[in-house]
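Down below is the structure, laid out as structure tokens.
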Amino acid sequence: MNFFDRLADRIATVDSVVSVGLDPDPARIPDHLDEYDLPRWAFNRRIIDATHEHAAAFKPNVAFYEDPDGWTALRETVAYAHGKDVPVLLDAKRGDIGNTARQYAELLDDDGLGADAITVNPYMGRDSLEPFLSREDKGVVVLCRTSNPGGADLQDLELETGEPLYERVAATADLWNANDNVGLVVGATAPEELEAVREIVPDIPFLVPGVGAQGGDAEAAVEYGLADGVGLVNSSRGIIFAGEDSEAHSASGSRAAEPRDQGEGFADASGQAAKRLKKRLNRYR
Ligand SMILES: O=c1ccn([C@@H]2O[C@H](COP(=O)(O)O)[C@@H](O)[C@H]2O)c(=O)[nH]1
């Protein structure tokens, strides 16, 4: 079954378009989980238990797992999420020449990580994404207009046709969508761009990051992010670290000088945060 059909089923089952970002920054994992061999996996398992009933998808960002223990933690995390019937979108932002891209794409296979979808970078063009696009049952979510402040530096550049580059990316990704497995990343911090991209590609689901810690526009995320009700609005730190004392962290989300032990309450807090975001987004669906 196509990834976006599976996602549609999941959205209907949990009545939610929330993507829970699993970015277990080791500096922010509660101290008491250090006693486990794989603290990131111990953390994720508790987060998954607490949030899965509100999660349309889990989105681990591979940056938080790129070391030997991390890969094990990520493999366990993907399998555990699947055990809860939740699709996993791997935020890996891959893209490279053909033979390298083929290796990257094996991440999606069952003997790799078995993820259901992956984010990719379109900068190197069609052939660099072919090994992903040709996997008909996997979602391929193409960076289009990212949520970071520097997203405008290149993505907003005007082409000779007058259109900004991110709009050309959207139109080009549509051409790459022969298998109906392409999505786009468009950040909630850029609501006007979200609207513009939605006009260009009415039928492509978006992954919309940037609500929560980045302060993006949740209403625009839902209004423009969903295609026929299908799409994902992601929050990572705003959910998984909801249990932290806000005064213990700077606005940038970095750890305070003194680590704190939140006990097991952190997981309950993440469940509450996921539920709150689901309710908030559902007001606009
Ligand atoms: O444009 C983009 C693309 C990806 N991301 C990723 O999403 C999460 C956001 O985390 P928050 O804690 O909710 O800010 C993170 O993994 C980013 O790498 C993005 O933010 N913007």
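Just so it is clear, none of the values below were taken in a lab; they were calculated from the coordinates. Predicted model only: the values in this text are computed from it and were never measured. Counting neighbours? That spans all protein chains shown, and the Cβs are built from the backbone with ideal geometry, glycine included.
A compact table of results
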| quantity | calculated |
| --- | --- |
| Gain upon complete extension [GLU106, ASP156; 0.36 nm per residue less C-alpha separation] | 14.8 nm |
| Helical mean residue ellipticity (222 nm; -39500 (n - 2.57) per DSSP H run of 4+; nearest 500) of the chain | -11500 deg cm²/dmol |
| Relative frequency of Cα-Cα separations exceeding 25 Å in the chain, percent | 44 percent |
| Neighbour-count order for GLU199, GLU244, fewest beta carbons within 10 angstrom listed first | GLU199, GLU244 |
| Contour minus Cα-Cα distance for ASP37 and ASP268 (0.36 nm per residue) | 80.9 nm |
| Hz values of 3J(HN,Hα) by residue in region 274-282 - Karplus curve (6.51, -1.76, 1.60), Gly and Pro given as x | 5, 5, 4, 5, 4, 5, 4, 5, 5 |
| Three semi-axes of the equivalent ellipsoid, region 76-142, Cα gyration tensor, whole Å, largest first | 22, 11, 9 |
| Given charges at beta-carbon only (K, R positive; D, E negative), |dipole| of the chain in Debye | 520 debye |
| Rounded D (µm²/s) - region 128-219, Kirkwood Rh over Cα pairs, Stokes-Einstein at 4 °C, 1.567 mPa s | 96 µm²/s |
| Region 1-107, Cα convex hull volume normalised per residue, Å³ | 111 Å³ |
| Vicinal HN-Hα couplings computed from phi for region 10-21 (Karplus, 6.51 cos²θ - 1.76 cosθ + 1.60; Hz; Gly/Pro x) | 5, 4, 5, 5, 9, 6, 8, 10, 6, 9, 8, x |
| Relative compactness, region 19-82, computed as alpha-carbon Rg over 2.2 N^0.38 Å | 1.02 |
| Residue exposure sequence - LEU90, LEU184, LEU107, LEU159 - by fewest surrounding Cβ within 10 Å | LEU159, LEU107, LEU90, LEU184 |
| Expected-Rg normalisation [2.2 N^0.38 Å, Cα atoms] applied to region 36-174 | 1.16 |
| Chymotrypsin sites (Phe, Trp or Tyr not before Pro) within region 153-244: DSSP coil, no more than 15 neighbouring Cβ in 10 Å | none |
